[in-house]
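Colleague: Sharing a structure with you now.
The values are calculated or read from the model by the stated rules, or taken from the named source; none is laboratory data. Bear in mind the structure is a predicted one, so any value in this text is a computation, not a measurement. Because the Cβ atoms are built from the backbone with ideal geometry, glycine has one as well, and the counts that use them run over all protein chains shown. Only protein heavy atoms, including side chains, enter the accessible area calculation; ligands, DNA and RNA are left aside. Shrake-Rupley method; radii C 1.70, N 1.55, O 1.52, S 1.80 Å.
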Amino acid sequence: MKVSIKELEKGMIIDSDIFSKKGALLLYKGFKIENPDLVAIVLHRNGIDEILVKNEVPSEVVKVVESEDVKQRIAHEVRLFKEEFVQIMNEVKEDVRRFEETNDISEIKDLDKGLELAHEYENSIFTLFQMIEKIKLENQDDYAQIVETSLLAYSIGKWLYLSEKELKEISETALLSQIMEYAHFDFNQDPASVKGANSVSTDILKAAFQIQERMDGSGYPKGLTRTQIHPYAKVIAVADVFQNLTTGGELAEKLSVFEAVRIMEREYITKLDVKSLYVFLHRVGSKFIGSSVRLSDGTVGEIVFVPENEVSMPYIKLEDGHVVNLQSPEYKDKHIVEIF
């Protein structure tokens, strides 16, 4: 039923996904309202006066059955995703090996591997971002990062409403550039001089050489700035930075998704394309609504709401049912350290 935001009551359940004016997910279908006043304020700020809700389902039996069904579907989708991901990752290992031996781009098979996987799972219960976090929890293989970056770049391109052709080429560019980087390729040379250069489009080849360039000229290999950087490279750079921050390595600590977002907000605003970064920061948080998290004090809960003005500080429903706001004084020193 449709109700005015002034009539919201504790226990009501959102019956349709609700989006902000900028397209960010504010509340997801199935969200149980614990604080009607807070929800009303958020909706009012976004020009929303009425929403679809339903009263809490009275039958505990029905709720358990529905919950178990969803859990089983999620487990099934995650298992299949992991199996396909590992298969693609093993193919990428071979691509890297062949490229190391030949420096021939045409030896890299099926650059659209990431695209096909993204297409297959973009409408799953879990988002691609959640799927990738599941992979990171269990698979520390360096080659996994190549595939993950391609998937992330595709997702960001989708949020930017790019065409199918552009999405395909961005996904392929990300995979190509990552394979070349893992093969320790020298990006200082002229792209057109690379073996097999004619096996990919000019846009893909040019952008693949510019992923590490930065808008302020602080990147490499050429120190390019703004309009000198290919549009594909600008999108993939956001995915690449996020991927590196949330993966970690010998020189850097692995950060949680929301810690990475906080770093990108503060330290990359002049380095990355503003439009791509803005869209990413304002949409990535909502992709983890429903995810289980662990806070820096050991507290465990579930993300139930991500404020658009403070993406790195979502609302967490604790195991005892209490909803906390990470922006509140009580939790100002706490942060998310793990998503699982």
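Colleague: When a/c is below 1.5 the answer is rounded, else prolate if a/b is larger than b/c, else oblate, so apply that to the stretch 75-170 with a ≥ b ≥ c taken from the square roots of the Cα gyration tensor eigenvalues.
Modeller: oblate
Colleague: OK, next. Counting only residues 5 or more places away or on other chains, whose amide H sits under 5 Å from the amide H of Arg214 once H atoms are built in the peptide plane?
Modeller: Correct list: Gly219, Tyr220, Leu224.
Colleague: Rounded if a/c is under 1.5, else prolate if a/b is larger than b/c, else oblate: which is the stretch 108-161, with a ≥ b ≥ c the root eigenvalues of its Cα gyration tensor?
Modeller: The shape class here is oblate.
Colleague: Let me check I've understood the local charge: for Pro221, count other residues with C-beta under 10 angstrom from its C-beta, Lys and Arg +1, Asp and Glu -1. What total comes out? Walk me through the intermediate numbers first.
Modeller: Details: positive: Lys222; negative: Asp186, Glu213.
Taking every Cβ under 10 Å from that of Pro221, the sum is -1.
Colleague: Nearest 10 degrees is fine. How inclined is helix 257-267 to the longest principal axis of the chain, computing both from alpha carbons?
Modeller: On a 0 to 90 degree scale, this one is about 70.
Colleague: What's the magnitude of the charge dipole for the chain around its Cα centre, counting Lys and Arg as +1 and Asp and Glu as -1 at the beta-carbon? Answer in Debye, nearest 20.
Modeller: Charge dipole, the chain, about its Cα centre: 880 debye, nearest 20.
Colleague: Let me ask you something else. Looking at Gly196, His184, Tyr161, which one has the Cα that reaches farthest to the positive end of the dipole of the stretch 142-201 (charges on Cβ: Lys, Arg +1; Asp, Glu -1)?
Modeller: Tyr161
Colleague: With a 1.4 Å probe and every protein chain kept in, tell me what percent of the accessible surface of the chain is carbon plus sulfur.
Modeller: Accessible surface attributable to carbon and sulfur in the chain totals 49 percent.
Colleague: Is the shape of the stretch 209-296 rounded, prolate or oblate, going by the alpha carbon gyration tensor and its root eigenvalues a ≥ b ≥ c, with a/c under 1.5 for rounded and a/b larger than b/c for prolate?
Modeller: Prolate is the answer for the stretch 209-296, as a/c is 1.5 or above and a/b outweighs b/c.
Colleague: If you add up the charges near Ser4, with Lys and Arg at +1 and Asp and Glu at -1, over every other residue whose beta carbon is less than 15 angstrom from its beta carbon, what do you get? Write down the numbers at each step before the final one.
Modeller: On the way: positive: Lys2, Lys6; negative: Glu7, Glu9, Asp15, Asp37, Asp49, Glu50.
Summing Lys/Arg as +1 and Asp/Glu as -1 gives -4.
Colleague: Taking the 0 to 90 degree range and rounding to the nearest ten, how far is the long axis of helix 60-102 tilted relative to the main principal axis of the chain, both from C-alpha atoms?
Modeller: For helix 60-102, the angle is close to 10 degrees.
Colleague: On to the next question. With Rg/Rh (Cα atoms, Kirkwood Rh) in mind, check [x] 1.00; [y] 0.95; [z] 1.03 and report the label derived from this structure.
Modeller: Correct label is [x].
Colleague: What order, most packed first, do the peptides 169-181, 319-331 have when packing is the mean number of other Cβ atoms within 10 Å of each residue?
Modeller: Details: 169-181: 26.6, 319-331: 12.7.
In descending order of packing, they fall as 169-181, 319-331.
Colleague: Keeping every protein chain in place, order Met264, Met1 by accessible area at 1.4 Å, biggest value first, i.e. largest first.
Modeller: Sorted by accessible area, descending: Met1, Met264.
Colleague: Ok, one more. Compare the peptides 275-282, 121-128 by average per-residue count of other Cβ atoms within 10 angstrom and give them in order, highest first.
Modeller: Put in order of decreasing packing, that is 275-282, 121-128.
Colleague: When all protein chains stay in place, what accessible area (Å², nearest 10, 1.4 Å probe) is found for Lys134?
Modeller: Approximately 50 Å² of Lys134 is accessible to the 1.4 Å probe.
Colleague: Kindly state, to the nearest 0.05, the FRET efficiency for Met1 paired with Asp320, given R0 = 51 Å and r defined as their beta-carbon distance.
Modeller: About 0.95, to the nearest 0.05.
Colleague: Starting from the Cα-Cα distance between Ile263 and Glu338, subtract it from 0.36 nm times their residue separation and give me the gain in nm to one decimal.
Modeller: Numbers: separation 75, 0.36 × 75 = 27.00 nm, distance 1.58 nm.
Extra length from Ile263 to Glu338 when fully extended: 25.4 nm.
Colleague: Between 0 and 90 degrees, rounded to the nearest ten: what's the tilt of helix 36-45 against the longest Cα principal axis of the chain?
Modeller: Value to nearest ten degrees: 50.
Colleague: Quick one: net charge of Arg294's neighbours, Cβ under 14 Å, K/R +1, D/E -1?
Modeller: -3
Colleague: How do Asp273, Asp333, Asp186 stack up against each other in accessible area, from largest to smallest, with a 1.4 angstrom probe?
Modeller: Asp333, Asp186, Asp273
Colleague: Would you mind getting the accessible area per residue of the stretch 238-340, heavy atoms of the protein chains only, 1.4 Å probe, in Å²?
Modeller: Per-residue value: 45 Å².
Colleague: Between their Cα atoms, which of Lys195/Lys222; Lys136/Lys168; Lys109/Lys158; Lys2/Lys334; Lys29/Lys234; Lys32/Lys287 are more than 27 Å away from each other?
Modeller: From Lys195/Lys222; Lys136/Lys168; Lys109/Lys158; Lys2/Lys334; Lys29/Lys234; Lys32/Lys287, over 27 Å: Lys2/Lys334; Lys29/Lys234.
Colleague: Per-residue ellipticity at 222 nm for the chain, helices alone: DSSP H runs ≥ 4 residues times -39500 (n - 2.57), over residue total, nearest 500 deg cm²/dmol?
Modeller: -15000 deg cm²/dmol
Colleague: Among 206-212, 296-302, 307-313, how do they line up by average Cβ neighbours within 10 Å per residue, starting with the highest?
Modeller: So the order, starting with the most tightly packed, is 206-212, 307-313, 296-302.
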